[in-house]
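Working notes for the structure below.
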Amino acid sequence: MPLKSDAHQWGSLAKTFHWLVVLLIIVQGVLGLYMVELPKRPSSFWYYNLHKSIGMTVLTLAVLRLAWRAFDRRPEEPASTPHWQTLGARAGHALLYALLFAVPLSGWWFDSVTALRPLYFFGLFEIPHITAANPDLKDFARETHEWLFWLLVVVACGHAAMALVHQFVNRDGTLSRMLPGRARALASAPAVATSVEPAPTASENAHVENTPAASILAADPAARDPGA
Ligand code: HEM
Ligand code: HEM
């Protein structure tokens, strides 16, 4: 599987970043909601340290992911996608990226204004606080962290729902090209002519030859026969 994305599918590095971050966000959400219910005793601190360390990992992955995106390309939108949907998806993705920074940064900020304990990254080294201790901001910082998390949950659920609609209603392969493995030709692209259909005209041929599906078929003859 190629490392870089191409016109038809996401590369293995973009896929790894995407699904690793999804997994870590789910772990973080469950862990965060669980740990705040625990009695504030030294025996609970292990969960807090784990939560903060995984959170800093998500922040690091968000930086690396955006840096990689500057070198990588985005696959093209399926031909059937209306322009307004493309713009909506771009805005949604931009918001998700912003929240991937804002949620861990707000946690780091909350940890800094409370300044109860040093922040050790998986017990390996200390991460400095980003601001000075400020008890007046403690409640505000905690609520900011919590509300940004719930905003991320809402936006991510809408995003996942749209991915499923594209995949199973529009059948345009949007989800397949983000899943591990090689994506097939886009289902929404014009099909290759069969014997019962009228022969395409020269102008129809020119259109078909310019579609993403046609270029996959041209580059990879095995793609003509799904059983090959
Ligand atoms: C993607 C990253 C993160 C997610 C999804 C996340 C999510 C959460 C959630 C759901 C809670 C429970 C909120 C509540 O119900 O009060 C929480 C609490 C907390 N988070 Fe995070 N968090 C992340 C990153 C971080 C980071 C990087 C830090 C610190 C460096 C941090 C520090 C805390 C602390 C100290 C609490 C406890 C707040 C309290 O005592 O009420 N979090 N987080
Ligand atoms: C915490 C949860 C999630 C976050 C933060 C997230 C974030 C993102 C971001 C930022 C992108 C844009 C990538 C780019 O343009 O560089 C993206 C793409 C994508 N995500 Fe997610 N995602 C999440 C969950 C999911 C889930 C659960 C699904 C599937 C059900 C999903 C399916 C997809 C697909 C198919 C794409 C590619 C869209 C396209 O090719 O236009 N995501 N995601």
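Quick notes on this structure:
- Test: residue in segment 89-99 that is touching a residue at least 40 places away in the same chain (Cβ under 8 Å), at negative phi, buried (at least 16 other Cβ atoms within 10 Å of the Cβ) and more than 10 Å from ligand 2 (Cβ to nearest atom): no
- Of all the listed residues (ALA67, ALA62), the sole one being in the same structural domain as HIS159 (by TED's automatic domain parsing) and touching a helix residue (DSSP H, G or I) at 6+ places or on another chain (Cβ under 6 Å) is ALA62.
- Residue in segment 102-135 that is most open to solvent (accessible area, probe 1.4 Å), counting only those that are outside any strand (DSSP E or B), touching a strand residue (DSSP E or B) at 6+ places or on another chain (Cβ under 9 Å) and modelled with pLDDT of 95 or more: PRO128
Residues are listed down the side, and each one gets a yes or a no for (1) under 13 Å from the mean Cα position of the chain (by Cα); (2) within 16 Å of ligand 1 (Cβ to nearest atom); (3) more than 16 Å from GLY88 (Cα to Cα); (4) buried (at least 16 other Cβ atoms within 10 Å of the Cβ):
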residue	(1), (2), (3), (4)
TRP147	no, yes, yes, no
LEU151	no, yes, yes, no
HIS166	no, no, no, yes
GLY181	no, no, yes, no
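- Identity of the residue in segment 69-87, open to solvent by less than 50 Å² (accessible area, probe 1.4 Å) and in contact (Cβ under 8 Å) with a residue 24 or more places away in the chain, that ends up nearest to ligand 2 (Cβ to nearest atom): PRO75
- Test result for ARG65, charged (D, E, K, R), buried (at least 16 other Cβ atoms within 10 Å of the Cβ) and within 12 Å of ligand 2 (Cβ to nearest atom): yes
- Scanning segment 43-60 for residues that are in contact with a strand residue (DSSP E or B) (Cβ under 9 Å, 6 or more places away or on another chain), within 6 Å of ligand 1 (Cβ to nearest atom) and not hydrophobic (A, V, I, L, M, F, W, C) yields a count of 1.
- Qualifying position, being out of contact with any Pro (no Cβ under 7 Å at 6 or more places or on another chain), over 18 Å from VAL58 (Cβ atoms), near ligand 1 (Cβ under 9 Å from one of its atoms) and assigned by TED's automatic domain parsing to the domain that holds LEU33, among LEU99, LEU116: LEU116
- Any hit, segment 28-40, residues being in the same structural domain as ASP172 (by TED's automatic domain parsing), in contact (Cβ under 8 Å) with a residue 24 or more places away in the chain and within 13 Å of ligand 2 (Cβ to nearest atom): yes
- Meets criteria (at pLDDT 95 or above and open to solvent by less than 70 Å² (accessible area, probe 1.4 Å)) for ARG142: no
The values are calculated or read from the model by the stated rules, or taken from the named source; none is laboratory data. All figures in this text were calculated on a predicted structure; none of them were measured in a lab. Because the Cβ atoms are built from the backbone with ideal geometry, glycine has one as well, and the counts that use them run over all protein chains shown. Heavy atoms of the whole protein, side chains included, go into the accessibility calculation; ligands, DNA and RNA do not. Shrake-Rupley method; radii C 1.70, N 1.55, O 1.52, S 1.80 Å.
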